[in-house]
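S.K.: Here you go, one structure.
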Amino acid sequence: MWWIIKFIFQFFFPISQTTRIEEEVREKTSTIDELNNKIRSYDESFANLRKDYENCKHLLQEEKAVHTKLRNNLLLQNQQITILEEENIKLKDEASKYQLALGNATNFRFSDDDQNNPMHLKFDIENLQNIIEDYVTNLKNGIKINFENVNNLLSTYGSQTKIIPRTPDRQLIKAVLQQHVLKEILSYPVMCFEGRTETFALESNMIRNVNNLIELIKRFSQERAGVDEVTRVASIKLRQQVYSILGNRGYANMYEKKVENKHPFLSIFQRKLNDTMSEYREFIDPKKRIIIEEKAEILIQEVTRIFKFRFMTQEPMVEFYWMDHGTKIVEECVETHYENFKNSLVDICSFPLICRDLSNRTNRKILALAKVIPIRTD
């Protein structure tokens, strides 16, 4: 049967053509095999890719879970940060308050509107100088001078100048009387006792107790361990506060059963000062004497408040220096109406130099120049 088919095939298809067709079949078969191999390779690659896809999908789900967890943690942390920031703001506010309190506690300066501010104090010293000059007067117009006592007073303060009644040097007389008035008031005690009864009870108690407390605080800071700044400066702040109070109201009028009365300190020493000044001058006009002698009250009050109280509020404390007779005049420290006073010596100082840190040229603060009369050589 096969040979019949072969015969027929060969009859219709020549051998060359048959061979060509067989070759084509073999080529197609080879191509099909190659394609099948590629398909198998692609199937394997696809299988691997699907496997990788499944792995990636699984990893993605894990990453999503981690991301969700991290996002929840981030939200929680943001909430915690918000809470901490709010707490931080509160702590900063509280720290600022403490810092402000510490700054106030360690700051020795007074505000611009406080009367103990150096500028206000300087102005009040200048006003005090005017009050002293008004109280001493110009020694003219109905005022009789006791030249003998004035010359004795000049001698007491070291001056060798003698006042001649016919041609009196009223500038020099006023200067020595102004010095004497101020020194007289400064000699009056701010703490006075009569047996066990205090004449100036409140002021005396405040001064004594604050001085005792200041000493206790100093001892406490020295004898107890610690490094806080407040304790170190507490005694200074206490001194400033208490003497500021005394500078405001010290020896002001007193209330007794809702009745305002003059403080006994002023009553006692007003008479004393007027009696002292009557040794050097006499008013011919009684009305003028009353007017001038009434000025002694405010004069004593202001001298005491400024020199004995308000100077104590400054840090470092303000001090005053009298230019003694024979002292060389230092131009930057004195005030005088005389010309050509350079290289001159002081005859009488009518008002002291008032300053802080006199020996420290960098920090020196002069509140009032000394007022002097130079020794005249003509």
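S.K.: If you rank CYS56, CYS349 by fewest surrounding Cβ atoms within 10 Å, what's the result? Intermediate results must be reported in sequence, preceding the final value.
M.R.: Working: CYS56 12, CYS349 24.
Fewest-to-most ranking of CYS56, CYS349: CYS56, CYS349.
S.K.: Related question: Nearest 5 is fine: what % of DSSP beta bridges in the chain come out antiparallel, could you say?
M.R.: Details: 19 of 21 bridges.
Of those bridges, close to 90 percent are antiparallel.
S.K.: So what is the relative contact order of the chain, in percent, for Cα pairs below 8 Å that sit 6 or more residues apart?
M.R.: On the way: 366 pairs, mean separation 63.9, N = 378.
RCO, the chain: 17 percent.
S.K.: So which trypsin sites (Lys or Arg not before Pro) in the range 309-378 end up in coil per DSSP with only 14 or fewer other C-beta atoms within 10 Å? Don't skip to the answer; put the middle values down first.
M.R.: On the way: sites: ARG310, LYS328, LYS342, ARG356, ARG361, ARG364, LYS365, LYS371, ARG376; in loops: LYS342, ARG361, ARG364, ARG376.
Taking the range 309-378 and a limit of 14 other Cβ atoms within 10 Å, the loop trypsin sites (Lys or Arg not before Pro) found are LYS342, ARG361, ARG364, ARG376.
S.K.: Additional query: Extension gain GLU215-ASN78, at 0.36 nm per residue separation less the Cα-Cα distance, in nm?
M.R.: Numbers: separation 137, 0.36 × 137 = 49.32 nm, distance 5.45 nm.
Gain on extension, GLU215 to ASN78, equals 43.9 nm.
S.K.: Testing the spin-label approximation: label points 7 Å from Cα along Cα→Cβ at ILE366 and PHE123. State their distance in nm.
M.R.: 2.2 nm
S.K.: How large is ³J(HN,Hα), in whole Hz, for each residue of the range 327-344 in order, when computed from phi with the Karplus curve 6.51 cos²θ - 1.76 cosθ + 1.60 and θ = phi - 60°, using x for Gly and Pro?
M.R.: Going residue by residue, I get 6, 5, 6, 9, 3, 6, 10, 10, 10, 8, 8, 7, 8, 6, 9, 4, 6, 8 Hz, with x marking Gly and Pro.
S.K.: Turning to a different aspect of this structure: In the structure shown, do any of LYS288/LYS365; LYS90/LYS365; LYS174/LYS262; LYS288/LYS328; LYS262/LYS365; LYS92/LYS237 have a Cα-Cα gap over 32 Å, and if so which? Intermediate results must be reported in sequence, preceding the final value.
M.R.: Working: LYS288/LYS365 39 Å; LYS90/LYS365 42 Å; LYS174/LYS262 29 Å; LYS288/LYS328 38 Å; LYS262/LYS365 35 Å; LYS92/LYS237 26 Å.
In this structure, LYS288/LYS365; LYS90/LYS365; LYS288/LYS328; LYS262/LYS365 lie more than 32 Å apart at Cα.
S.K.: A further question on this structure: Compare ASN127, ASN261, ASN36 in a GNM of the chain, Cα atoms joined below 10 Å, and give the one with the largest fluctuation.
M.R.: ASN36
S.K.: OK, next. Taking amide H positions as placed in the peptide plane 1.01 Å from N, state which residues far from GLU335 in sequence (5 or more) or on other chains have amide H under 5 Å from it.
M.R.: ALA370, LYS371, VAL372
S.K.: Moving on to the next point. Pick from ARG20, ARG224, ARG170: which is most flexible by mean-square fluctuation in a GNM of the chain where alpha carbon atoms under 10 Å apart are linked?
M.R.: Comparing ARG20, ARG224, ARG170 in a Gaussian network model of the chain, the most mobile one is ARG20.
S.K.: Given N residues in the chain, what is Rg(Cα) / (2.2 N^0.38 Å)? Intermediate values should be presented prior to the final figure.
M.R.: Details: Rg = 52.4 Å, N = 378, 2.2 N^0.38 = 21.0 Å.
Scaled against compact globular proteins, the figure is 2.50.
S.K.: List the residues, sorted by chain then number, that are 5 or more residues from MET323 or on another chain and whose placed amide H is less than 5 Å from its amide H.
M.R.: Those lying under 5 Å, H to H, from MET323 are LEU353.
S.K.: What distance in nm separates the two pseudo spin-label positions at GLU24 and ARG249, each 7 Å out from Cα along the beta-carbon direction?
M.R.: 13.2 nm
S.K.: Something else now. Provide the FRET efficiency to the nearest 0.05 for the CYS333-THR231 pair, computing r from the beta carbons and using R0 = 41 Å. Write out the running numbers ahead of the final one.
M.R.: Working: r = 37 Å, r/R0 = 0.91.
Working from the Cβ atoms, E equals 0.65.
Each value in this text was obtained by applying a stated rule to the coordinates, not by laboratory testing. Quick caveat, the model's predicted, so the values are computed rather than measured. For neighbour counting, all protein chains shown are included, and Cβ atoms are generated from backbone atoms with ideal geometry for every residue, glycine included.
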